Each structure stands twice: as C-alpha cells, then as structure tokens.
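> Here it is, the structure in full.
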Amino acid sequence: MVLTDEQVRQIKDHLLKQLPNFPEDKREQIRQQVESMDAEQVETFIKQNQLTHLGEQCIFCSIVAGINPSYSIGGNNENIAILEINPLSKGHSLIVPKEHLDKIKSSTQELAEEVAKKLREKLNPKRIELKEIKIMEHALIEIIPLYGGERKRKPANEDELKALQEEITKPLEIKIEPKNAEPVGEEELFKLPPRIPD
Ligand SMILES: [Zn+2]
C-alpha cells in the first residue's frame, strides 16, 4: 500500500483534530511530530493503530479485538465468521480476517467455503453467493444465502441474531437420506470460487 499525498494530508488533518484531547503543553510537540511524518511513517502509524486511510478506526478490527459485539458462527486461526447485523437474507455472514489487510488470504477463503457449506446444510437456501469485499480497507468475504425475492438489507435484532447463531452452530442431526436426493441442476447456480488444492 502506498499512500498518496492527499491521503497523507487527510490522515494528518484527522490526527491534528484530536489535538484538543491532549494536555495543552503537549499539543505543540505533537503537532510538530504529526506534521513531520513522511508517507512511510504515516503508513506505519495507521497500521499500528488500525486506522483507515481517512484516519478512522476500523470497525472490523474493533470486532476482532472484542471491543464491538458480534455473533460468531465459526472461525479458524486467522479469521472469524460472524453474522451480518444488517442482513440481506437469513444467514448473511462475513468472514473477517483478524489482520487488517487489503487482500484476503487462502485461510479466509477456506473458512468461507466451510461456513457456506454449513449454511447450505442448515438453512437450505436456493444458492449462496460469496463475494470478496473491502470495508474501511479491511478485506473480507461476504456470504449471502439467497432464497429468492431478496430486495434490501434490514437490521436484525439481537434475539433474531442469537437464535440464528444457535441454529447455525448447533451440531447437525444425523439424517439418513436416500441417494439421488440432491436436486439436479441447482449446482450451476452456485458461484463458489475454485477450491484451493490441499
Ligand atoms: Zn481492520
């Protein structure tokens, strides 16, 4: 990531706005420090403080750190899987890398496939869409089960999210199904990305 002059300026301006929060006798010193940072130092600073290019705190880093609440439905060493609180459909989820990076890693992809499989088994959507997105410069994967007729996102309340979290994470009941029970022709609707070879 290389910051443009404009981004460096924006971040510095954002930091300078925080000056009144510091004791008066420290302000001038901090102001000079901020002004003297070059692009590389600004970049290091925003990484260490998990800030975006606009100098805002990243919401996903706050979730990973446990500062903001979330509804976990799984995870692996490098990622967490959480329910979207403003879902388009039932089971709309996010796979969030613990690290604030602008690209996703293979472990994120792996967890996304695992969670998509779970959602498919538990919620039985018509299809599931996986999308790589970036919010506040934090790359993540969005998983959207589609049942047909989805139009717009709606905020979910705490009870709904808790119930759904339980439904998705409880162990599957063992069912004996006849062979050929899978509907034919559904498969091509799935936009699952290619599997990473083991
Ligand atoms: Zn982040």
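> For the chain, what does -39500 (n - 2.57) per DSSP helix run (n ≥ 4), summed and divided by total residues, give at 222 nm, in deg cm²/dmol to the nearest 500?
-11500 deg cm²/dmol
> Another question, then. At 0.36 nm per residue, and after removing the present C-alpha to C-alpha distance, how many nm does the segment from ASN86 to LYS131 gain when stretched out fully?
Extending this stretch completely gives an extra 14.6 nm.
> Here is a further query. Ordered by residue, what ³J(HN,Hα) values in Hz, to whole numbers, does region 138-151 give under the Karplus form 6.51 cos²θ - 1.76 cosθ + 1.60, where θ = phi - 60° and Gly and Pro are x?
Each residue's phi maps through the Karplus curve to give 9, 6, 8, 10, 9, 10, 10, x, 10, 10, x, x, 5, 10 Hz.
> How big is the gap, in Å, between the Cα center of region 130-155 and the Cα center of region 105-123?
Between the Cα centres of region 130-155 and region 105-123 lies a distance of 14 Å.
> Given the Cα-Cα distance of ILE67 and LEU146 and 0.36 nm per residue of separation, how much length would full extension add, in nm?
Length gained between ILE67 and LEU146: 25.4 nm.
> In the calculated pair distance distribution of region 91-167, what percentage of Cα-Cα distances lie above 22 Å?
Tail fraction, whole percent: 28.
> Answer with one residue from LEU146, ALA112, GLY74: the one whose Cα lies farthest towards the positive end of the charge dipole of the chain, charges on Cβ with Lys, Arg +1 and Asp, Glu -1.
LEU146
> On C-alpha positions alone, give me the angle between the axis of helix 5-17 and the longest principal axis of the chain, in degrees, nearest 10.
Helix 5-17 and the main axis of the chain meet at about 80 degrees.
> How big, in percent, is the set of alpha carbon pairs in the chain lying more than 26 Å apart?
For the chain, the share of Cα pairs beyond 26 Å comes to 46 percent.
> Placing unit charges on C-beta atoms (Lys and Arg positive, Asp and Glu negative, everything else neutral), compute the dipole magnitude of the chain about its Cα centre in debye, rounded to 20.
Once rounded to the nearest 20, the dipole reads 520 debye.
> Any chance you could look up the accessible area of PHE45 with a 1.4 Å probe, heavy atoms only, rounded to 10 Å²?
70 Å²
> Report VAL2's accessible area, 1.4 Å probe, all protein chains in place, as a number in Å² to the nearest 10.
Spelled out: VAL2, probe radius 1.4 Å, area about 130 Å².
> Want the number for LEU123 to ILE30: 0.36 nm per residue separation, take away the alpha-carbon distance, what's left?
Gain on stretching LEU123 to ILE30: 28.2 nm.
> GNM, the chain, Cα, under 10 Å: largest mean-square fluctuation among LEU51, LEU94, LEU16?
Taking springs between Cα atoms under 10 Å, the residue moving most is LEU16.
> Sticking with this structure for a sec: Specify the angular offset, from 0 to 90 degrees and rounded to the nearest 10, of the alpha carbon long axis of helix 24-36 from the longest principal axis of the alpha carbons in the chain.
So the helix axis and the longest Cα principal axis differ by about 70 degrees.
The values are calculated or read from the model by the stated rules, or taken from the named source; none is laboratory data. Keep in mind that what you see is a predicted model, and the values were worked out from it rather than measured. Ideal geometry is used to build each Cβ from the backbone, glycine not excepted, and the neighbour counts take in all protein chains shown. Just the protein is used for accessible areas: all its heavy atoms, side chains included, with ligands, DNA and RNA removed. Shrake-Rupley method; radii C 1.70, N 1.55, O 1.52, S 1.80 Å.
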